[in-house]
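The block underneath contains the structure these notes are about, expressed in structure tokens.
The values are calculated or read from the model by the stated rules, or taken from the named source; none is laboratory data. Keep in mind that this is a model prediction, so the values were computed, not measured. Neighbour counts run over all protein chains shown; Cβ positions are idealised from the backbone, glycine included.
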Amino acid sequence: MVLDFINGCRWWQAFLVLLVIYSAWSSPFELAFKKVATGSLLYVDLVVDFFFATDIILTFFVAYLDKSTYLLVDEHKKIATRYVTHMMFPMDVASTLPFQTIYRILTGKLHRGDVFGFLNLLRLWRLRRVSELFSRYIQQKNLFF
């Protein structure tokens, strides 16, 4: 079980914010110019997706504060149930799946249609991490001042 406010978790979240910035920068370009990531950029995208997939797995182990009781919930079953039944889980999965790579593996073809460009915009869902990080930072600063 991981507590959300320990130092390692903060570093992980800060690292993910850097990856979010990359995703927020690259995804609109792929849609606008109708170019899919190829070559070394494809591998960079896959590594970024891998880190976000790792984050999905880690989220199943992060304790949370119950807003009704103000108690820290650290039971794995409750944490998993809350995450899976919340809208964040399917959106996290959808924003992490490398649709173009999966299509290429299944069909052997490189598809350059608008569909994949719009699916790549799901990566912008990751921008919520930046908002969450800053809101936590502000809350913690308010507690100490």
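Of everything listed in (1) under 25 Å from R10 (Cβ atoms); (2) modelled with pLDDT under 90, the single unmet condition for V47 is (2).
Would you pick out the residues in region 61-81 that are surrounded by 15 or more Cβ atoms within 10 Å (Cβ to Cβ) and either at positive phi or in a loop (DSSP other than H, G, I, E, B) (or both)? Selection gives A63 alone. Within region 94-112, identify whether any single residue is among the charged types (D, E, K, R), part of a helix (DSSP H, G or I) and either within 15 Å of the chain's Cα centre (by Cα) or modelled with pLDDT of 85 or more (or both), and answer yes or no. Within region 94-112, none of the residues are among the charged types (D, E, K, R), part of a helix (DSSP H, G or I) and either within 15 Å of the chain's Cα centre (by Cα) or modelled with pLDDT of 85 or more (or both). Evaluation of T54 against the conditions (1) in contact with a Leu (Cβ under 8 Å, 6 or more places away or on another chain); (2) modelled with pLDDT of 90 or more; (3) not aliphatic (A, V, I, L, M) shows that the sole unmet condition is (1).
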